[in-house]
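Undergrad: The structure's right below; bear with me while I get my questions together.
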Amino acid sequence: MNPALEELSNQYPSALREYCNGGGEAALLRAYQLGRGAVAAGVSALEVGTVHQEALVSALVETLALAESAPIARRATEFFAECLAPFELTRRGFQEAHAALRDLNQGLERRLSAALQDFESAQDELLEQKRMETLKNDFISVISHEVRTPLTSIHGALNLLKSGLGGELNPQGQRLLDAAYRNSQRLVRLVNDLLDLQRIESGTMTFNLRPVDLRSLLEQAIEASQAHAGPLGIKLVLQGAPTGARVRVDSDRMMQVMTNLLSNAAKFSPRGETVVVEASRHNSGLRVGVTDRGPGVPEEFHERIFQKFAQAASSDRGGSGLGLSITKAIVEHMSGRVGFQSEPGRTTFYFDLPEWRRTVSRGKASENTWPAGR
Amino acid sequence: METHGLAGEGLGKHVARRTLKRILLVEDDPDIQTVTSMALGSFGGYTVHVCGSAEEAIESAAEFLPDLILLDVMMPGMDGMDTLRVLREIPETASTPVIFLTARVQPADVAKYKELDSLAVIRKPFEPTALVETIQDIWIRYHDSAH
Ligand SMILES: Nc1ncnc2c1ncn2[C@@H]1O[C@H](COP(=O)(O)OP(=O)(O)OP(=O)(O)O)[C@@H](O)[C@H]1O
Ligand SMILES: [Mg+2]
């Protein structure tokens, strides 16, 4: 290679980069003189142009670190064709080159500031989202509190009437009272569920994780739901559970999970049917399934079933569509997952949890060795 | 604390727990007053004295001499927590067990009430019939751990 061309290739890019970084006319003049020197030493205009073009493209792309290198390269090419061909020949060429380069730079600056603005408005949007989130959380806790107070006397009065405090009612009165009581119960549940959901979403729900015996937990859950299933004519049974199997969970939250699954199963079962709870070892963990003999989950609803407020079009059995979304969040928080299999006449909702396998050394609590819970 | 031993039982072998008879209910909402006092009176068979404000409670506590105080947390004027502090300074109620009733059920709030010198926190809404059982359970546990 011509030593003059080699020198140009070595020095020109840094001169140009300096210009791009705000070096002004002095930098451009240096580049210009490098180009002139090379021409004087016998380098052709075409060769100078090529060096310039390559340097310009790499300088722009690298200095401004823009992703859109293709349009820049294209503009640089046009720029060369239009303005830099007479580069080594005239003072006018130099001035034009300078003006063109300045335009190019201004264009890049504009693009950069537009990108910056986009970034800022995205940030504003994020802040606004956070503000709305806080507003929503505050709203829910205020509402929850404001609703609780009147609900305490409404639900309390109905509860006392139902327990016979006001004396015997005629059958019509009894039916009205039952309806009022049932719906007030539903309202109590809704208020609690909304608050739970808000806590889950804001990450403030606390979990008191402890190893517990799975079988006795399931027995307790069934016992607790019996009062609810009985009047629907549904029997709840525990069909099997591996003895001694333990899970590390928050028992209250687990009861909530089971209550949700059992209440759904009982709600969608035909009268007189049995809902079966079964626990087994599955893969490396434990699986608990709740199976009912109801109509099943419609195919088109499968995808949305765990979303909050989601209810299948076909199910008009009360509730608010929060049970399963809360269930899913709780189970996942305890390192588990939920799922279901459904066909008409047989639907199983299940959750998998890791088995807790520490052996209890006599007299010592095993959770000592587990990383701090919650 | 005074305990009522059964006549004839020997030498503290069976120290009967103090029976729960008198309950002071401090609650500003008149409807909740009605429902709760009815449940405690008609169901639980307790003697209930109802106060609509902290001031009223502080005034009548020494005279009524409750075995147990049910204290609403959110009241206009002096709230339940401040009321408890004052009650603790009155000799007659310095060690009377207190249970809070609250519609603020956020875990942070509940934790705050628990830190105070109370037996338990009961969340609203509650079923009044279940309230009677809950209170009895808490009472039994309280005495079993205290004696
Ligand atoms: N065992 C089941 N069989 C058939 N469909 C079910 C079953 N369990 C849930 N579903 C469908 O999933 C929907 C959402 O259930 P989810 O428990 O979340 O809410 P819900 O029971 O309607 O109301 P909530 O639980 O809040 O009282 C139900 O409305 C129903 O359409
Ligand atoms: Mg449900």
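The values are calculated or read from the model by the stated rules, or taken from the named source; none is laboratory data. Being a predicted model, the structure only gives us computed values, none of them experimental. Here Cβ is always computed from backbone atoms with ideal geometry, including for glycine, and neighbour counts include all displayed protein chains. Just so you know, the surface numbers come from the protein's heavy atoms only, side chains and all, with ligands and any DNA or RNA stripped out. Shrake-Rupley method; radii C 1.70, N 1.55, O 1.52, S 1.80 Å.
Undergrad: Can you tell me which residue among A:ARG175, A:ARG110, A:ARG148 is part of a helix (DSSP H, G or I) and within 10 Å of chain B (Cβ to nearest Cβ)?
TA: Values: A:ARG175 fails: within 10 Å of chain B (Cβ to nearest Cβ); A:ARG110 fails: within 10 Å of chain B (Cβ to nearest Cβ).
Just one listed residue meets the conditions, A:ARG148.
Undergrad: Ok, one more. Hey, could you check the stretch A:318-362 for residues that are surrounded by fewer than 18 Cβ atoms within 10 Å (Cβ to Cβ) and under 20 Å from A:GLU299 (Cβ atoms) and say which is nearest to ligand 2 (Cβ to nearest atom)?
TA: The selected residue is A:GLY321.
Undergrad: Check whether at least one residue in the stretch A:283-292 is among the charged types (D, E, K, R) and loosely packed, with under 12 Cβ neighbours inside 10 Å, and report yes or no.
TA: Pass one, the stretch A:283-292, residues among the charged types (D, E, K, R): A:287, A:292.
If we keep only those that are loosely packed, with under 12 Cβ neighbours inside 10 Å too, we end up with none.
No, because not a single residue in the stretch A:283-292 is among the charged types (D, E, K, R) and loosely packed, with under 12 Cβ neighbours inside 10 Å.
Results for (1) within 10 Å of chain A (Cβ to nearest Cβ); (2) without any contact (Cβ under 8 Å) to a residue 40 or more places away in the chain; (3) more than 22 Å from B:PHE43 (Cβ to Cβ), shown as yes or no for each residue.
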{"position": "B:ASP79", "(1), (2), (3)": "no, yes, yes"}
{"position": "B:ASP109", "(1), (2), (3)": "yes, yes, yes"}
{"position": "B:TYR113", "(1), (2), (3)": "no, no, yes"}
{"position": "B:GLU127", "(1), (2), (3)": "yes, yes, no"}
{"position": "B:ILE138", "(1), (2), (3)": "no, yes, no"}
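Undergrad: If you don't mind, there's one more thing I want to ask. For the condition out of contact with any helix residue (DSSP H, G or I) (no Cβ under 7 Å at 6 or more places or on another chain), open to solvent by 30 Å² or more (accessible area, probe 1.4 Å) and either part of a loop (DSSP other than H, G, I, E, B) or at pLDDT below 75 (or both), what is the one hit in A:GLY22, A:GLY42?
TA: Details: A:GLY42 fails: out of contact with any helix residue (DSSP H, G or I) (no Cβ under 7 Å at 6 or more places or on another chain).
Matching residue, one of A:GLY22, A:GLY42: A:GLY22.
Undergrad: Also: May I ask you to list the residues in the stretch B:25-52 that are touching a Pro at 6+ places or on another chain (Cβ under 8 Å) and over 20 Å from B:PRO125 (Cα atoms)?
TA: B:HIS49
Undergrad: Hey, can you tell me all the residues within the stretch A:141-184 that are more than 30 Å from A:ARG199 (Cβ to Cβ) and surrounded by 14 or more Cβ atoms within 10 Å (Cβ to Cβ)? So that I can check it myself, show each step before the final result.
TA: Filtering the stretch A:141-184 for residues more than 30 Å from A:ARG199 (Cβ to Cβ) gives A:160-179.
Hits for the stretch A:141-184 are A:LEU160, A:LEU161, A:LYS162, A:SER163, A:LEU165, A:LEU169, A:LEU177, A:ASP178.
Undergrad: For the stretch B:20-55, name all the residues that are in a helix (DSSP H, G or I), facing chain A (nearest Cβ under 10 Å) and not small (Gly, Ala, Ser). It would help to see each step written out before you state the result.
TA: Pass one, the stretch B:20-55, residues in a helix (DSSP H, G or I): B:30-43, B:54-55.
From what is left, the residues that are facing chain A (nearest Cβ under 10 Å) are B:30-36, B:38-39, B:42-43.
Listed by number, the residues that qualify are B:PRO30, B:ASP31, B:ILE32, B:GLN33, B:THR34, B:VAL35, B:THR36, B:MET38, B:PHE43.
Undergrad: Shifting gears a bit: If you check A:ASN159 against the conditions, is it within 9 Å of another protein chain (Cβ to nearest Cβ) and at pLDDT below 90? Please lay out each step first, then the result.
TA: Details: within 9 Å of another protein chain (Cβ to nearest Cβ): yes; at pLDDT below 90: no.
No: the conditions fail for A:ASN159.
Undergrad: Moving on. Would you check if B:ALA61 is open to solvent by less than 10 Å² (accessible area, probe 1.4 Å), away from every other protein chain (no Cβ under 14 Å) and at pLDDT below 95?
TA: Details: open to solvent by less than 10 Å² (accessible area, probe 1.4 Å): yes; away from every other protein chain (no Cβ under 14 Å): yes; at pLDDT below 95: yes.
It is true that B:ALA61 is open to solvent by less than 10 Å² (accessible area, probe 1.4 Å), away from every other protein chain (no Cβ under 14 Å) and at pLDDT below 95.
Undergrad: For residues that are more than 12 Å from chain A (Cβ to nearest Cβ) and open to solvent by less than 60 Å² (accessible area, probe 1.4 Å), tally how many sit in the stretch B:81-107. Walk me through how you get there before you give the answer.
TA: The initial filter retains those residues of the stretch B:81-107 that are more than 12 Å from chain A (Cβ to nearest Cβ), namely B:81-100.
Imposing the further condition that a residue be open to solvent by less than 60 Å² (accessible area, probe 1.4 Å) reduces the set to B:81, B:83-84, B:86-88, B:90, B:93-94, B:96-100.
Looking only at that region, the number is 14.
Undergrad: Being away from ligand 2 (no atom under 16 Å from the Cβ), closer than 24 Å to A:ASN208 by Cα and more than 14 Å from chain B (Cβ to nearest Cβ), is that true of even one residue in the stretch A:289-304?
TA: yes
Undergrad: When A:ILE305 is evaluated against the numbered criteria (1) open to solvent by less than 30 Å² (accessible area, probe 1.4 Å); (2) more than 12 Å from ligand 1 (Cβ to nearest atom), which criterion, by number, is the only one it fails?
TA: Every listed condition holds for A:ILE305 apart from (2).
Undergrad: May I pose another question? Filter the stretch A:320-339 for residues that are in contact with a helix residue (DSSP H, G or I) (Cβ under 8 Å, 6 or more places away or on another chain) and either farther than 18 Å from A:GLN198 by Cβ or within 14 Å of chain B (Cβ to nearest Cβ) (or both); which is farthest from ligand 1 (Cβ to nearest atom)?
TA: A:MET334
Undergrad: Check off (1) free of Cβ contacts under 8 Å to residues at least 40 places away in the same chain; (2) more than 16 Å from ligand 2 (Cβ to nearest atom); (3) within 14 Å of another protein chain (Cβ to nearest Cβ); (4) in a helix (DSSP H, G or I) for A:GLY230 and give me the number that stays unchecked.
TA: A:GLY230 satisfies all of (1) free of Cβ contacts under 8 Å to residues at least 40 places away in the same chain; (2) more than 16 Å from ligand 2 (Cβ to nearest atom); (3) within 14 Å of another protein chain (Cβ to nearest Cβ); (4) in a helix (DSSP H, G or I) except (3).
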